[in-house]
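See below for the structure under consideration.
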Amino acid sequence: MDAPEIVARIARYVETPAAFVAFLKAMPPTSLGAPLQSARHLACMLPASDLWPHLALGRSSVLQKHVEAVNSFMGWHGNLSVDENSQALLNQLPPLLQPLQQVLSRAHLHLTLRRVTGAQVHFLAMHHGDRIRSLSISVLEPGNGIRLRASMARIGQALGLCPHLSTFHLYVDHPSWDGTDLQPIFDRLKDSDVTDWRLYATGYRGELVTDKCSAALVEWLYHAPVVAFAWVDPEPYETKPTPALHHLVRALTTSTSIRVVDLSLSKALLTTWATTRTRVLPRSLKKLVLEYPHAPETYLTSLGQRIALSHVSSVDLTWNPCLCIDALAPYLPRMHTLSTLNLSHCYLMIEGGKRLAQLLPQLGALTTLVLTANDLFDEGVKAVMQSVPACPKLAKLRLDRNHLTDGSFAAVVLACRACPDLRNVDLSENLFKSTTIRRLHRKPDVISMKCAIWCPLRQDMAPSDRKDVHGVAAV
């Protein structure tokens, strides 16, 4: 196996867009085959997210100027991202893109469609269903609930026309519909190859998790190798568990393949999840997303006991109030595999920051800490920064939107210098003076060459000073 082929195989396992582009630029051009050389060329013209993991068809104005590079890259990669503005190009390419007709007609499609109707989704599935691999749709159906019910039935039929569909995300926000309207989709789901499912539903009447719905989802969870399950349901205010909820939660907790569970805002499901008799979470589970404002104490205690015995490596507690974080704090150090902790919008404030500082030295495996929008102010951040060096593996730290001023900047710099693996610090949308930001962008020795600080330049700076359009200073 020659070097270009080895590099091409490695490239397929690079997950994030930024990492893929960095990988291409780090490799010597002679070790890259023609497809990756084309990708390296396109990376200079397109944002990383429009190149990897799926080439964005919506960038047709750029693609038509580099047809040869696109043809070479897509012949190797073969994954195309399509949104609602570019879906028409699937049926008719402009003249300058006609040379790509053959390679694009074979590409796997990853559709992200906002504000579409069931008829539009059904039309795409009829003509391109065998090529669709992922489908994320936000349903827009004007009129009454009868129209939406018919639209859900059409989407259910569309699922049956996509035999290779593995990812299906559905967003339904309508002022008047019934929870049972989704039943045609649940019935199709159990017979599909979907392994990544996400539902965001709001505005409905009645129950969403009915006995029939639960039976269909349970059958799907037991027979399909489901890896991701997300159920975001902010509507019900009742938290009383039902038999249907118990059956669904039992199927989730006994899954042998599931890796990601997101039950944000779904009060009934969250309560059932935490209080079910099965205390041990699936060994395969790696990420938990549990947004639950005003959670009751019984839920927090039960949840803490469960996650303490799990193998979860990522916990997202966004929007959980500070009191909830305090209740869960004693259980977090017992999670020896915890590498990512997201506490965005938890309003820790200064006192919460001080309590977090006492917790951090006990999280030895932590690599990512997200503290976005917590109103820590300078005093709270100084307390956190004193404990950050106690996390030897920390690689990413987000402190954006915390009302930080120059008074805490020195503490951040010292903490960054003390963390050998820290590579990314987000200080955006804070209150640093323009002179501080100028110094940050112009002096690459501010953080002793150890990390990159992301901090957009202030609007009050002269245009000649705003040289970095992405707001990234690699230092």
Number of positions in the range 283-310 that are more than 21 Å from the chain's Cα centre (by Cα) and over 20 Å from I325 (Cβ atoms): 1
Are there any pairs, at least 6 apart or on different chains, whose C-beta atoms fall under 7 Å, with the first in the range 126-140 and touching a residue at least 24 places away in the same chain (Cβ under 8 Å) and the second assigned to a strand (DSSP E or B) and of a type in the set (D, E, K, R), and if so, which? S138/R114; S138/R115; L140/R115
So is Y222 touching a helix residue (DSSP H, G or I) at 6+ places or on another chain (Cβ under 8 Å), farther than 24 Å from Y299 by Cα and modelled with pLDDT under 90 or not? no
Out of curiosity, is D193 closer than 23 Å to L113 by Cβ, out of contact with any helix residue (DSSP H, G or I) (no Cβ under 9 Å at 6 or more places or on another chain), modelled with pLDDT under 90 and of a type in the set (D, E)? no
Subset of the range 255-297 that is of a type in the set (V, I, T) and surrounded by fewer than 21 Cβ atoms within 10 Å (Cβ to Cβ) - its residue that is nearest to D316 (Cα to Cα): V289
Would you check if A251 is more than 25 Å from P321 (Cα to Cα) and surrounded by fewer than 17 Cβ atoms within 10 Å (Cβ to Cβ)? no
What residue, of S81, S105, S86, is over 24 Å from A19 (Cα atoms) and touching a Gly at 6+ places or on another chain (Cβ under 8 Å)? S86
Long-range neighbours under 8 Å by Cβ, at least six apart or interchain, first residue closer than 19 Å to I132 by Cβ within the range 90-103, second aromatic (F, W, Y): none
Within the set of pairs 6 or more residues apart or between chains, which connect a residue that is in contact (Cβ under 8 Å) with a residue 60 or more places away in the chain inside the range 6-33 to a residue that is surrounded by 11 or more Cβ atoms within 10 Å (Cβ to Cβ) and of a type outside the set (S, T, N, Q) with Cβ atoms less than 6 Å apart? A8/G33
Looking only at the range 104-152, which residues are part of a strand (DSSP E or B), among the basic types (K, R) and over 20 Å from P163 (Cβ atoms)? R114, R115
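The values are calculated or read from the model by the stated rules, or taken from the named source; none is laboratory data. Bear in mind that the values here come from a model prediction, so they are computed numbers and not experimental data. Because the Cβ atoms are built from the backbone with ideal geometry, glycine has one as well, and the counts that use them run over all protein chains shown.
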